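The values are calculated or read from the model by the stated rules, or taken from the named source; none is laboratory data. Quick caveat: nothing in here was measured; it's all calculated off a predicted structure. With ideal geometry, Cβ positions are generated from the backbone for all residues, glycine too; neighbour counts draw on all protein chains shown.
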Amino acid sequence: MRVAQHGICVCSVYRGYKNVASQEPLVPNTMFRLASMTKPITGVACLLGLQNGWFTLDDKVSDHLTAYDNMYVGQLDENRNPVRSHPAAKDILIKHLLTHSSGIVSEDPLGNIQNDLIPPEALTSLASVVQYCAEHTYLSFEPGENTAYSGYAAFDIFARIIELKSGQTYAAFVQEHIFDPLGIKDMSFTPSDEQWSRMSMMCDKATGGYVTVDMGCHTFEKFPLSYACAGASLAGSVEDYGVFAEMLLHNGTYNGRSLVSSELFKLMKTPDAIDCIPNRCGTERWGLGVRVTQKDPILPAGTFGWSGAYGTHFWIDQENDITAIYMKNTRWHDSHGCGETGLQFERDVMSALQHDA
């Protein structure tokens, strides 16, 4: 874990194992599978696209990807098979993709079943995933009228637009326009052999203790490295995610280098019009690829960040000038979005802050 305040690292702790089977200790510059902590990077990619004039947040997705014209809202039939319900009355807008309000392969009964039906051959590239979702999935609700977490599909659709506008692969775009300007070396969709040697082994619970899980050369479950999943498949280190976090803390600027204007950056941390994140109504709302606190019991209003399925968690507290990052790779869900670990990290940091005040 790493906590910085006023640009100074005030807490850096490496505790536990990089490999629980061999008990190899966790050390600085260990690489972790970031899972959904990929999404804030995609949020910044959106700001760069806006800055380049490639689109607006209110653009129809179908203006850039014609396959997304004439989408259908779906439902489950009596056998729990996805079927068409009716033509969508509203268009999917770019802002819906990054605020989990598109209805595309959402984490709800319809979306979860559709996710399980996606064949492996569709999960080989952004282009293949995006085309499959357009042709073979139904929306869970009218775009912009509800919110349900889209683990990867909505973010991939957005990333495909970036590819078409930039003429680069999404991985190359992120590398050239985000990581390189920030001096980030240890965040990648395709880790090098040397980075794989530093990768934390996935850990899971078993009878009587813990076991390692061999995920092979996959940064997210069984996704091939040819598929730069914009919502879930980056790997990175605590140290380099800290650089990215400091840029977020300073509204798009790091070490005097501005990636995006501070005015444009406000869009990322502005709460979406839909006033509820499922299961956390009233305390959080969506920004562009991040959650934004409202009446959170621990963090100040306006704090933003997110978590990952494998236990990663971070937040940006501009009121107290803090970046806080916690990383581990485990199969059980106890990050902030799913459980207790991230919440305890927040409590510990904020209680220490109060103690020092």
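Summary table below
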{"read-out": "Top-ranked residue in region 210-229 [being of a type in the set (A, V, I, L, M) and assigned to a loop (DSSP other than H, G, I, E, B); ranked as surrounded by the fewest Cβ atoms within 10 Å (Cβ to Cβ)]", "value": "Leu225"}
{"read-out": "Residue list for region 2-55, restricted to those being β-branched (Val, Ile, Thr), out of contact with any strand residue (DSSP E or B) (no Cβ under 6 Å at 6 or more places or on another chain) and farther than 29 Å from Leu353 by Cβ", "value": "Thr42"}
{"read-out": "Criterion: assigned by TED's automatic domain parsing to the domain that holds Glu78 and part of a helix (DSSP H, G or I) - qualifying residue of Ala148, Ala127, Ala172", "value": "Ala127"}
{"read-out": "Restricting region 56-80 to residues that are among the aliphatic types (A, V, I, L, M) and assigned to a loop (DSSP other than H, G, I, E, B), the residue that is nearest to Ala45 (Cα to Cα)", "value": "Leu57"}
{"read-out": "Residue selected from region 301-318 under the condition outside any strand (DSSP E or B) and within 15 Å of Ala245 (Cβ to Cβ), by the criterion farthest from the chain's Cα centre (by Cα)", "value": "Gln318"}
{"read-out": "Residues of region 78-98 satisfying the condition of being exposed (fewer than 14 other Cβ atoms within 10 Å of the Cβ) and either within 16 Å of Leu139 (Cβ to Cβ) or among the polar types (S, T, N, Q) (or both)", "value": "Asn79, Asn81, Val83, Arg84, His86, Pro87, Ala89"}
{"read-out": "Odd one out for Glu263, checked against (1) under 25 Å from Asn52 (Cα atoms); (2) under 16 Å from the mean Cα position of the chain (by Cα)", "value": "(2)"}
{"read-out": "Any hit, region 164-171, residues being closer than 22 Å to Met327 by Cβ, at pLDDT 95 or above and within 21 Å of the chain's Cα centre (by Cα)", "value": "yes"}
{"read-out": "Odd one out for Ser101 among (1) buried (at least 22 other Cβ atoms within 10 Å of the Cβ); (2) within 15 Å of Cys133 (Cβ to Cβ); (3) of a type in the set (Gly, Ala, Ser)", "value": "(2)"}
